[in-house]
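Reading through the structure tokens given below for one structure.
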Amino acid sequence: MRGSHLIACHDCDLLQQVPTVPAGGAARCGRCDAVLTRVIPRTFERTAALGLAALILLIVANVFPLLTLEIQGRLTHMSIVAGAWNLWLQGADWLAGLVFVTTLIAPALHVGLLLWVVLPLAGGRRGPAGARAFRWLQSIRPWSMAEVFMLGVLVSMVKLADLAVIVPGIALWAFAALIPVLAASMVTLDAEETWRTLAPEVPEP
Ligand SMILES: [Zn+2]
């Protein structure tokens, strides 16, 4: 349950007593006016819904072709995994590994851990190892770089436009939709409330 508790300001480090904040409200730092905590109504249900949407988009993004190239009448379908595999075959193993980790492994772990944490919470109970999964989620997030990959695809589409006819595939649209959905899931997830629900046995000062 939410009560009066101590929060250190992220911006200026001032430790201050924060009273109970109503749903939809926010508490600001008394010194620098930064937002200390914002209470998002139905945070677990909203995040679970966005997490499930992200899971579907991620599957579509990896199963269907990303791009179709038409060079001299010949059609070539490219998927993310096939692209990384081709880089590997051409000897660019570091690059292939990087593409594989940042566009497949990290987003999959990101979505998986998010659902692991919020699905049980949305159902009103604590799942097994929820606190550990939430800690892992915080450390995996910087490696989930769907937007950087998307930028790279768009740049190569512009560069290749003179050489071949490029038809964006379903995976590209799914990938484009995945970026705002993942970002939204991080906005709707109230980290304070998550920690309070996952680790209620830690006594508050
Ligand atoms: Zn402050």
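Side notes on the structure shown:
- From helices alone, the chain scores -17000 deg cm²/dmol at 222 nm; the rule is -39500 (n - 2.57) for each run of n ≥ 4 DSSP H residues, then divide by the residue total.
- Net dipole in debye of the stretch 20-107 [+1 Lys, Arg Cβ; -1 Asp, Glu Cβ; about Cα centre; nearest 20]: 420
- Sorting T76, T194 by the number of Cβ atoms found within 10 Å of their own Cβ, with the fewest placed first, yields T76, T194.
- Taking a ≥ b ≥ c as the square roots of the eigenvalues of the Cα gyration tensor, the stretch 88-157 is prolate, since a/c reaches 1.5 or more and a/b is larger than b/c.
- Each part gets one Cα centre, and for the stretch 96-153 versus the stretch 37-77 those centres are 13 Å apart.
- Positive dipole terminus of the chain, leading residue within F134, I170, G97 (C-beta point charges): F134
- Amide N of the stretch 36-58 lying under 15 Å from the label point, which is placed 7 angstrom from the Cα of A26 along Cα→Cβ: 36-41
- Charge dipole (debye, nearest 20) of the stretch 42-198; +1 at Cβ of Lys and Arg, -1 at Cβ of Asp and Glu: 480
- Sorted by Cβ neighbour density within 10 Å, fewest at the top, the residues H10, H5: H10, H5
- Computed over the chain, the Cα gyration tensor eigenvalues convert (square root of 5λ each) into semi-axes of 41, 17, 15 Å, ordered from largest to smallest.
Rule-based calculations on the coordinates, nothing more; no lab input. In this text the structure is predicted, and so the values were computed from the model without any measurement. Quick reminder, even Gly has a Cβ in these numbers, built from the backbone with ideal geometry, and neighbours come from all protein chains shown.
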